[in-house]
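S.K.: Sharing a structure with you now.
The values are calculated or read from the model by the stated rules, or taken from the named source; none is laboratory data. Computed from a prediction, not measured in an experiment: that's the story for all the values here. Side chains are part of the model used for accessible areas, which takes the heavy atoms of the whole protein and leaves out ligands, DNA and RNA. Shrake-Rupley method; radii C 1.70, N 1.55, O 1.52, S 1.80 Å.
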Amino acid sequence: MNSIEWNRQALILLDQTKLPVSEEYIHCTDWRQVAEAIKMLRVRGAPAIGVAAGYALVLAAREAAAQGDRDEQFTTFFEFANTLKATRPTAINLAWAVERVCALVRTSVTIDGHDDQTVSLADCIDRIEEEAIAINKEDLALNSAMAKAGAGIFEGRRGLRILTHCNAGALATAGIGTALGVVRELHANGQLSMVYADETRPLLQGARLTTFELHQDGIPVTLLTDNMAAYAMQQGLIDAVIVGADRITTEGDVANKIGTYGVAVLAKAHGIPFYVAAPYSTFDFTLASGKDIPIEIRDSREVTHFQGCQTAPDGVPVLNPAFDVTPHEYVSAIITEAGVLYPDYTKSIARLHKEVQER
Ligand SMILES: CSC[C@H]1O[C@H](OP(=O)(O)O)[C@H](O)[C@@H]1O
């Protein structure tokens, strides 16, 4: 199942809002279609929306390069890029990918600090496409490195029962997944007994996507409603929690799907390790405290309706934050493609940053 495919003319996205009932694809030939797909979670998951945004910028550049004079073309392109970046504010991978491509364009048209008037936006399109493909390939490659690093935590252990929240799998990345990448590695090693998947209200990424993915791969999975996680832990059914992330601060505070913080508190109360799996591109090196992470507030209809079925009275006030922040004190370790980070996260994350910058 290929959730994101670039054929040079179009970005083909698996519409995740239709899963698990049907596998339908959207052929995006306009960057606005990709922006809508990200906003509506047809493509979702921090790394995946970064990859999709990279390809959307190829479509945006092609459109902008065909209109106005040279300066207008660049202005239009950067406006399109900013619109794309604003579709979902919490997952930093989206902004990271957009900024990475925009920085490339700015560098391409600058010589010795001056604007090189000989370079047009059209001249940049091939490089933008190369960068989008590079972002995609990097995400694909890092997933396997992360999976092995994460599985290393459980060296020699068998019969593992892992609880996860939301979907941090192949559908959320360009590869095998972050949290579910570790799960897949443990399964391949014969170490996994069961995955317990939180349904993850209100959009049910766990019920619809995680169970779908794991069932397809023959990995044992049991579905929980979100209010069952405490029971499962109390009954001794869970050995560890592994989740993904949408943004991690320099102190190790973690933004992830709403409900993650509650799972982390429950895990701590039951002495169960709580692991976060995320690539380097999920770290925000400009923020220390999780309190400063912007939390996306989504449409109230996501709570009062599901797939057209109304489940609450008209007009009832609704709170619908798409993410919450787990303070680093609740995080046992952070699994990355460069290895496993342990507290003191301020130091271990700084070391990761330094290593990657020096590559
Ligand atoms: C591979 S991390 C995916 C991360 O993104 C999900 O959010 P959404 O479904 O709204 O894109 C969730 O927080 C996952 O942990």
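S.K.: Based on Cα coordinates alone, diagonalise the gyration tensor for region 156-358, multiply each eigenvalue by 5, take square roots, and list the semi-axes in whole Å, largest first.
M.R.: Details: eigenvalues 135, 100, 49 Å².
Square roots of five times the eigenvalues give 26, 22, 16 Å.
S.K.: Would you kindly calculate the mean projected area, averaged across all directions, of the convex hull enclosing the Cα atoms of region 234-289, in square nanometres? Can you show the working numbers first?
M.R.: Details: hull surface 16.3 nm².
Taking the Cα atoms of region 234-289, their convex hull projects to 4.1 nm² on average.
S.K.: Looking at the chain as a GNM with Cα springs under 10 Å, which of ALA53, ALA91, ALA312 has the largest mean-square fluctuation?
M.R.: ALA312
S.K.: Quote the Stokes-Einstein diffusion coefficient, in whole µm² s⁻¹, for the chain, based on the Kirkwood radius over alpha carbon pairs, a temperature of 20 °C and a viscosity of 1.002 mPa s.
M.R.: Values: Rh = 20.9 Å.
D = 103 µm²/s.
S.K.: Taking the convex hull of the Cα atoms, report for region 82-151 its projected area averaged over all directions, in nm².
M.R.: Details: hull surface 25.9 nm².
That works out to 6.5 nm².
S.K.: Have a look at ILE248, ILE38, ILE49 and tell me which one the Gaussian network model of the chain (Cα, springs below 10 Å) gives the largest fluctuation.
M.R.: Of ILE248, ILE38, ILE49, the most mobile in the Gaussian network model is ILE38.
S.K.: Hey, another quick one. Among DSSP beta bridges whose residues both lie in region 93-226, state the antiparallel percentage, nearest 5.
M.R.: Numbers: 3 of 12 bridges.
Expressed as a percentage, antiparallel bridges in region 93-226 total about 25.
S.K.: Which helices count as membrane-span-like in the chain under these terms: full DSSP H, at least 30 Å along the axis by C-alpha, Kyte-Doolittle mean of -1.0 or more? All intermediate terms of the calculation are to be shown ahead of the outcome.
M.R.: Values: long enough: 121-151 (45 Å, 0.10).
Span-like helices, by this rule, are 121-151.
S.K.: Quick one: what does P(r) look like for region 185-236 with 10 Å bins over all Cα pairs, in whole %?
M.R.: Percent of pairs per bin, in order: 25, 48, 26, 1.
S.K.: Moving on to the next point. Taking 37 °C and 0.692 mPa s as the conditions, I'd like the Stokes-Einstein D for region 41-100 in µm²/s, using the Kirkwood hydrodynamic radius from alpha carbon pairs.
M.R.: Numbers: Rh = 11.7 Å.
The calculation lands on 280 µm²/s.
S.K.: A further question follows. Of the accessible area of the chain, with the probe set at 1.4 angstrom, what percent is carbon plus sulfur?
M.R.: Numbers: 8020 of 14980 Å².
Accessible surface attributable to carbon and sulfur in the chain totals 54 percent.
S.K.: Within the set LYS257/LYS354; LYS137/LYS291; LYS18/LYS257; LYS39/LYS268; LYS148/LYS268, which residue pairs have Cα atoms separated by over 22 Å?
M.R.: Numbers: LYS257/LYS354 28 Å; LYS137/LYS291 32 Å; LYS18/LYS257 20 Å; LYS39/LYS268 33 Å; LYS148/LYS268 25 Å.
Violating the 22 Å limit, Cα to Cα: LYS257/LYS354; LYS137/LYS291; LYS39/LYS268; LYS148/LYS268.
S.K.: A follow-up question, please. Find the accessible area per residue for region 4-142; the probe is 1.4 Å, ligands and nucleic acids are left out, and the unit is Å². It would help to have the intermediate numbers written out before the result.
M.R.: Details: 5890 Å² over 139 residues.
Ligands and nucleic acids excluded, the figure is 42 Å² per residue.
S.K.: On a full-extension model of 0.36 nm per residue, what is the gain between THR29 and HIS270, subtracting their alpha-carbon distance, rounded to one decimal in nm? Don't skip to the end; give the middle numbers.
M.R.: Numbers: separation 241, 0.36 × 241 = 86.76 nm, distance 4.95 nm.
Once the chain is fully extended between THR29 and HIS270, it gains 81.8 nm.
S.K.: Moving on to the next point. Quick check on the chain: of the DSSP beta bridges with both residues there, what percent are antiparallel, nearest 5%?
M.R.: Details: 22 of 41 bridges.
In the chain, DSSP labels about 55 percent of beta bridges as antiparallel.
S.K.: Using amide H atoms built in the peptide plane, which far-off residues or other-chain residues are under 5 Å from ARG298 H to H?
M.R.: When sequence neighbours closer than 5 places are left aside, the close amide H contacts are ASN320, ALA322.
S.K.: How far, in nm, would the chain grow between GLN9 and ASP123 when pulled straight, counting 0.36 nm per residue and subtracting the alpha carbon separation?
M.R.: Working: separation 114, 0.36 × 114 = 41.04 nm, distance 1.74 nm.
That works out to 39.3 nm of additional length.
S.K.: Report the Stokes-Einstein translational diffusion coefficient (µm² s⁻¹, integer) for region 8-66, Rh taken as the Kirkwood radius over Cα pairs, at 4 °C with viscosity 1.567 mPa s. Intermediate values should be presented prior to the final figure.
M.R.: Details: Rh = 11.5 Å.
Calculated translational D: 112 µm²/s.
S.K.: Using Cα springs under 10 Å in a Gaussian network model of the chain, which residue among ASP246, ASP112, ASP324 shows the largest mean-square fluctuation?
M.R.: Evaluated over the chain, the most mobile residue of the options is ASP112.
S.K.: Additional query: Between ASP15 and residues 5 or more places away or on another chain, which pairs have amide H atoms under 5 Å apart, with H built 1.01 Å from N, and which residues are they?
M.R.: Under 5 Å from the amide H of ASP15 lie the amide H atoms of GLU24, TYR25, ILE26, each far enough along the sequence or on another chain.
S.K.: Give me the aspartates and glutamates in straight-line cross-link reach of LYS347: C-alpha distance below 16 Å, same-chain residues under 8 apart excluded.
M.R.: Cα-Cα hits under 16 Å: GLU251, ASP253, ASP284, GLU329, GLU355.
S.K.: Under the Kirkwood approximation for Rh and a Cα-based Rg, what ratio Rg/Rh is obtained for region 4-142? Don't skip to the answer; put the middle values down first.
M.R.: Working: Rg = 15.0 Å, Rh = 15.2 Å.
When Rh is taken as the Kirkwood radius, the ratio is 0.99.
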